[in-house]
Amino acid sequence: MAAPSDRPDTTAPRTDRDRLAVLLRARHPVVSIVTHEEQEARTLVENAVRDMGHHLWVWSVIEGVRDGLNDAMPISETCNPAAGLYWLSTQSLPTIMLLLDVADHMDDPHARRALRRLIDHADATGSHVILLDHTDALPASVRAHATPFELTLPGDADIERLIKGELQGLHRSSPIEIGMTGKAYRMIIKNLRGLNPRQIRQVIRDVVAEDRRFDDDDLNAILARKRQLVSAEGSLEYIESPATIDDVGGLDNLKHWLAQREQSFGDDASAFGLTPPRGVLMLGVQGAGKSLCAKAIATAWGRPLLRLDPGTLYDRYVGESERRLRGALEQAEAMAPIVLWVDEIEKGFASAAAQSTDGGLSQRMFGTLLTWMQDHAAPVFMVATANNIEALPPELLRKGRFDEIFFVDLPGPAAREAIFAIHLRKRDRDPAKFDLASLAAASDGFSGAEIEQAILSALHAAFANNTEPSAESIAERLRESPPLSVTMAEKIAGLRAWAKDRCVPAG
């Protein structure tokens, strides 16, 4: 029998503590941590320092240089960035130096020179500089030496540990009653995926504070609180989906495609030789229902729908935009299984398709997205929507980027009847009382959004006149407002011609 190996198990997922320790053992002189969760990052660094038996100095503009592991007085006259960094560069023993928000002071040439001197000193003495900032606005001369380190979001075991720890702390301060089924507890852990430790602890505090209880009734409150937190981040937004796929009119080809792949995410499909679908690209006429397609997919597969708005990712600081994109994608993976909707993808990456006017930022962002699309393993199904095919980088349309490229055209007669029926029913009107066939004929060339607006307009007029809307009043509103297919006929014709042999019709 072979002797057991002393080598560590590299198949087990490494914690942030393990990953940071590897960087320090490999003598990376500068490690850059960009996060808003300063306390979490400081605890991580302190634990890594204790593991290695090193000394820790911490610098901040408020206290200057102080011992990071012992409650000692700060070193006098080191609050000034240049003075504090210079003092650290005079220490001869190998040590770890944690600098808080030093990026804010890099406009000062004295501080910038002192930091570069400190980096050289760390490299020569086997020391380490750890930059803990809220922004990635470091000068290129510093960023070239820095190894980025990103905090990962808690997994299920970490979430459970955080929940138990927070409940125990709350119970010690004031007794709470816990009565939760195993099923609800597992759902709560699942719903807290994608939040950082601080957010998870705060959510638990919020739901317990209301009644000093932690039970099955808290499940909906936790989900609602999570939606608020995710939306507050700015990059991802929870989107409500239709209750059933029947609430989506038309799109029969898309519905059939979804039904065929609904069971493709399990072990049985993998044993059969299938890989889970990873995403679709939706091209089409403005207002024809591309957004509805994203909602239809989430509804058909029973997954949460999160929207990523590329416009919210861009920041004036170098590197910050890419960090935001990586953070949003990491958060999406942590919440999996989900449907990730990238809305109007051409607006976020338009410059990547032509000569860049933004210093290459769009190309870097686009490259980050393509790499993630190719490599991510979590069950995140991406739905990208686009109106302007000419603005899309050609690499995005290459076969294999998406499982399928669908073209969402204006609805045909049967689909228009279904859309009228859905919107009338949604507003408590019986579709059987309306001549849907005549409305479908009158709305030739109208999109689903334009049909909905015609119904709303007829409802407003009926309410003002204290009457009920009729098929005739809706048809009148249709005649009063020409559709986009008329006002932009040439553009739509060109889009249809491009999609004819390149895309699968969604309807």
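The values are calculated or read from the model by the stated rules, or taken from the named source; none is laboratory data. Computed from a predicted structure; not experimentally measured. Here Cβ is always computed from backbone atoms with ideal geometry, including for glycine, and neighbour counts include all displayed protein chains. Side chains included, ligands, DNA and RNA excluded: accessible areas come from the protein's heavy atoms. Shrake-Rupley method; radii C 1.70, N 1.55, O 1.52, S 1.80 Å.
Below are the figures for this structure:
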quantity	calculated
Check on residue 103, open to solvent by less than 50 Å² (accessible area, probe 1.4 Å) and farther than 26 Å from residue 151 by Cβ	no
Set 131, 69: member being within 15 Å of residue 28 (Cβ to Cβ) and touching a helix residue (DSSP H, G or I) at 6+ places or on another chain (Cβ under 7 Å)	131
Test result for residue 356, on the phi < 0 side of the Ramachandran plot, modelled with pLDDT under 80 and assigned to a loop (DSSP other than H, G, I, E, B)	yes
Sole residue being in a loop (DSSP other than H, G, I, E, B) and either in contact with a helix residue (DSSP H, G or I) (Cβ under 9 Å, 6 or more places away or on another chain) or hydroxyl-bearing (Ser, Thr, Tyr) (or both), chosen from 450, 468, 476	468
Extreme residue, surrounded by the most Cβ atoms within 10 Å (Cβ to Cβ), among residues of region 27-81 that are of a type in the set (D, E, K, R) and part of a loop (DSSP other than H, G, I, E, B)	37
Residue match in region 377-386 (condition: farther than 28 Å from residue 266 by Cα, out of contact with any His (no Cβ under 7 Å at 6 or more places or on another chain) and modelled with pLDDT of 80 or more)	yes
Out of 181, 135, 152, 147, sole residue that is under 21 Å from residue 224 (Cβ atoms) and of a type in the set (Ser, Thr, Tyr)	181
Hey, residue 474 more than 30 Å from residue 281 (Cβ to Cβ), out of contact with any Lys or Arg (no Cβ under 6 Å at 6 or more places or on another chain), open to solvent by less than 60 Å² (accessible area, probe 1.4 Å) and β-branched (Val, Ile, Thr) or not	yes
Residue within region 432-441 that is within 25 Å of residue 503 (Cα to Cα) and not in a helix (DSSP H, G or I) present	no
